[in-house]
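Below is one structure; the comments refer to it alone.
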Amino acid sequence: MQISHFWNKLYIHRHKVGVVFVLLLLCGGAAAQTTMGKRSRWASRNNPNYDNRKLTYGFLIGIHSAAFKVKYSDRFVSQQFDSVHSVIPGWSGGFSLGFIVNYRLDDQVDIRLTPKVGFYENKVSYLYTDKTPREDLLLESTMVEFPILLKYKSQRRGNIRMYMIGGVTPAIEASGKKNGKNGESLEITNSNLSLEGGFGFDLYYPLFKFSPEIRFSHGLFNILDNKDNIYGQPLKSVTTNSVTVYFLFQ
């Protein structure tokens, strides 16, 4: 029984476990690259003039875990909703694909645009105090996103360079799908604006530059659209949160 309970817990939190595992891989790879950089400080560099280019291009692949953050409305504590125990958002995985346009301001600062398409699933569970069964909503959306980022880089050591990155990401929904009952569901707006920040490593190879990166995103605006249907009435606001691991190739 204890073993089955453990595996059930592991399955429930599989997305968080995956993110932690990728983080460990990134840290281990960075440490290995740093050690190699120290040993080969006087060895020839891969792509020694790469960072002198004003404009560079590439593509990216992102794997994310995303969840809504909800706040209850004043109506939630009224007798009208005494049968609603709680509204619980859940973490769910997805991925994104995009392009990189990088403009060099100086040796340590870049401006980066990464237009991309993100595929999201957001889960929201409604729990009740009466005999009404738990209801799980699944909101699927395809977002066209336009991250505008500032990249601050450390000095290059051998074939590795660490950096921090941050900026804002406007997004527009291209398509979506929602489930619910009686033709209703939790309604969200078709646009969003997020604040992003993270860090990564530039790893230089003879023919390209590879950059593993982790980025955190937090929605700045309330995206709850319909507060009058059965799913929106208990809520005051809904915002987005996500953690993404990117693999960038330039």
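Bear in mind these aren't lab numbers, they're just calculated from the coordinates by the rules spelled out. Just so it is clear, the model here is predicted, and its values are computed rather than measured. Quick reminder, even Gly has a Cβ in these numbers, built from the backbone with ideal geometry, and neighbours come from all protein chains shown.
Inverting the pair-averaged 1/r between distinct Cα atoms of the range 88-157 gives 15.5 Å as its Kirkwood hydrodynamic radius.
Among the listed pairs K116/K209; K123/K236; K69/K151; K116/K227, which have their C-alpha atoms separated by more than 23 angstrom in this model?
Numbers: K116/K209 19 Å; K123/K236 17 Å; K69/K151 28 Å; K116/K227 30 Å.
Flagged as over cut-off: K69/K151; K116/K227.
Excluding same-chain residues fewer than 8 positions from K131, which aspartates and glutamates have a Cα within less than 17 Å of its Cα? Within the straight-line cut-off, K131 pairs with D82.
Computed over neighbours whose Cβ is under 12 Å from that of E140, the net charge equals +1, Lys and Arg +1, Asp and Glu -1.
Identify the trypsin sites (Lys or Arg not before Pro) of the range 103-164 meeting these criteria: DSSP loop state and at most 13 other C-beta atoms within 10 Å of the C-beta. Could the numbers behind the result be given before it?
Working: sites: R104, R112, K116, K123, K131, R134, K151, K153, R156, R157, R161; in loops: K131, R134, R156.
Listed in order of number, the matching sites are K131, R134.
Apply 1/(1 + (r/R0)^6) to the Cβ-Cβ distance of E140 and L113, taking R0 = 35 Å, and write down the FRET efficiency to the nearest 0.05.
On the way: r = 26 Å, r/R0 = 0.75.
Efficiency for this residue pair is about 0.85.
Candidate cross-link partners of K178 among the aspartates and glutamates, defined by an alpha-carbon separation under 14 Å and a same-chain spacing of 8 or more, comprise E121, E135, D136, E140, E187, D225.
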